[in-house]
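The values are calculated or read from the model by the stated rules, or taken from the named source; none is laboratory data. Model, not experiment: these values are computed from the prediction. Don't worry about glycine lacking a Cβ; one is built from the backbone with ideal geometry, like all the others, and counts go over all protein chains shown. Surface accessibility is based on the protein's heavy atoms, side chains included, excluding ligands, DNA and RNA. Shrake-Rupley method; radii C 1.70, N 1.55, O 1.52, S 1.80 Å.
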Amino acid sequence: MIQVIALDGVSGAGKSSTAKLLAEELGFCHLDSGAMYRMLTYQALQSGLRSDQHAELGKVAESLQFSFGENHEMRANGKPLPAAIRGSEVSAQVSEYCKPREVREVLARQQRALGVSRPCVAEGRDMATVVFPDARWKFYMTARPEVRAERRVRELRAAGHPAQYDEILQNLQERDDKDSSRELSPLRKADGAVEIDTSDLTLEGQISIIADLVRSTS
């Protein structure tokens, strides 16, 4: 088994915040696969590409070289990831732009390379099922839709992005439906994964549960 903590789950369940702080606590790198797909979508939108231009999207994926920086943060082509990848335009499009096999195979290959390069916390939607089926630790994070929408609104507004609750809730539910029903690498709980409902947990509580389980089985 490789030294990877795989965190999968629905959008807005707290994967990114938990993964980032968990990685800091354990001294692991943070492999944010969602940021990789968001970066691809951002680049594609900047280039005027449509989500059905699969070959061209695959070339964009090939042009993005992801790595870990000195502080264990993710970088693309040697530069920090832009804040714009978290904006509403990218959020609304990312599922469609990252559905093609030409995109997912390229980025999954990069994710595996990152995962074997250093111990890391890998978070996304198919980390434990497709990218790291041999990960030492597997978790699946979920939460009630309304809780997830409220969290995302606070997160976006704190980052200076406009956010409306109803729009965010609809976007989350649509992303879940698309990601769960797609043919390639659908969102699902991996065999052997520990499920954590974060609806009524604090961020500190989420991190504590996972960190304790990891330490007890190290």
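At-a-glance table
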item: Solvent exposure of the chain as accessible area per residue, Å², 1.4 Å probe; result: 47
item: HN-Hα J in Hz across region 77-92 - Karplus 6.51, -1.76, 1.60, θ = phi - 60°, x for Gly and Pro; result: 6, x, 10, x, 6, x, 4, 5, 5, 9, x, 5, 5, 5, 4, 6
item: Share of Cα-Cα pairs in region 12-55 lying beyond 18 Å, as whole percent; result: 45
item: The chain, accessible surface, carbon-and-sulfur percent (1.4 angstrom probe); result: 48
item: Area of S208 that stays accessible when all protein chains are in place (1.4 Å probe, Å², to 10); result: 50
item: Top of G14, G192, G34 by mean-square fluctuation, Gaussian network on the chain, Cα under 10 Å; result: G192
item: Within the chain, helix-based [θ] at 222 nm, where runs of 4 or more DSSP H residues each add -39,500 (n - 2.57), nearest 500; result: -16000 deg cm²/dmol
item: The chain: antiparallel DSSP beta bridges as a percent of all, rounded to 5; result: 20
item: Whole-angstrom Cα spans of the chain along principal axes, big to small; result: 49, 38, 34
item: Stretch in the chain that is longest and holds no GluC sites (Glu not before Pro) that DSSP places in a loop and that have at most 14 other beta carbons within 10 Å; result: 71-182
item: Trypsin sites (Lys or Arg not before Pro) within region 7-47, DSSP loop, no more than 15 other Cβ atoms inside 10 Å; result: none
item: Unpartnered cysteines - no second Cys beta carbon under 4.7 Å - across the chain; result: C98
item: At 1.306 mPa s and 10 °C, Stokes diffusion of region 125-218 via Kirkwood alpha-carbon radius, µm² per second; result: 106
item: Reachable lysines, given that their alpha-carbon falls under 20 Å from the alpha-carbon of K20 and they are not under 8 places away in the same chain; result: K79, K138
item: Taking the chain and dividing mean pair separation by its residue count, relative contact order in percent (alpha carbons under 8 Å, at least six apart); result: 34
item: GNM top mover of T41, T129, T202 - the chain, alpha-carbon springs below 10 Å; result: T202
item: Cα gyration tensor of region 132-184 - equivalent ellipsoid semi-axes, whole Å, descending; result: 25, 15, 10
item: Assigned charges on the beta-carbon of Lys, Arg, Asp, Glu; region 35-145 dipole about Cα centre (debye); result: 240
